[in-house]
Amino acid sequence: MKQCKLAIVIITLFSVCACSAHAPGTIPVGTWQYDLLVNGVEMGKATISNSIQDNHYVYRFELTMGNGITQSQDTIVETLDCKPVRLEKHTYIKQASSEQKL
């Protein structure tokens, strides 16, 4: 399950890095929600949103897997000409008696 999550995050980061090579003409703005399926069985949910805030392009990716057991939240902020400003990454693992933040 960790490999699947890691693969999704790596693909996402490569997609954003590709954006730095050539500034796109228009960046789609909105929110998209997905079900994460493994062999046809729902394993979690993902939400991707793109927005423009304070003259910055903000990309958010939230992933929940295993009935809320593992949550990952990534925020990538770039200037409007696609130069990186900051990357925030938070991962939470919830167990029966505790919550761990990585």
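The values are calculated or read from the model by the stated rules, or taken from the named source; none is laboratory data. None of these values were measured; they are calculated from a predicted model. Glycine gets a Cβ as well: all are built from the backbone with ideal geometry, and neighbour counts include every protein chain shown.
For the condition surrounded by 12 or more Cβ atoms within 10 Å (Cβ to Cβ) and modelled with pLDDT under 85, what is the one hit in M65, M43, M1?
Going through M65, M43, M1 in turn, the sole match is M1.
Among the residues of region 59-76, which ones are within 11 Å of the chain's Cα centre (by Cα) and either closer than 18 Å to L87 by Cβ or not hydroxyl-bearing (S, T, Y) (or both)?
As a first pass, look at region 59-76 and keep what is within 11 Å of the chain's Cα centre (by Cα): 59-64, 71-76.
Selection gives Y59, R60, F61, E62, L63, Q71, S72, Q73, D74, T75, I76.
Which ones in region 34-68 are assigned to a loop (DSSP other than H, G, I, E, B) and acidic (D, E)?
Across region 34-68, the qualifying residue is only D54.
For a quick check of your reading of the model, give me the residue pairs whose first member lies in region 80-102 and is within 19 Å of V58 (Cβ to Cβ) and exposed (fewer than 11 other Cβ atoms within 10 Å of the Cβ), whose second is of a type in the set (S, T, N, Q) and at pLDDT 85 or above, with beta-carbon atoms closer than 9 Å and at least 6 apart or on different chains.
R86/T75; E88/Q73; E88/T75
Inside region 68-86, can you point out the residues that are at pLDDT 90 or above and more than 27 Å from V38 (Cβ to Cβ)?
Those that are at pLDDT 90 or above and more than 27 Å from V38 (Cβ to Cβ): V77, E78, T79, K83, P84, V85, R86.
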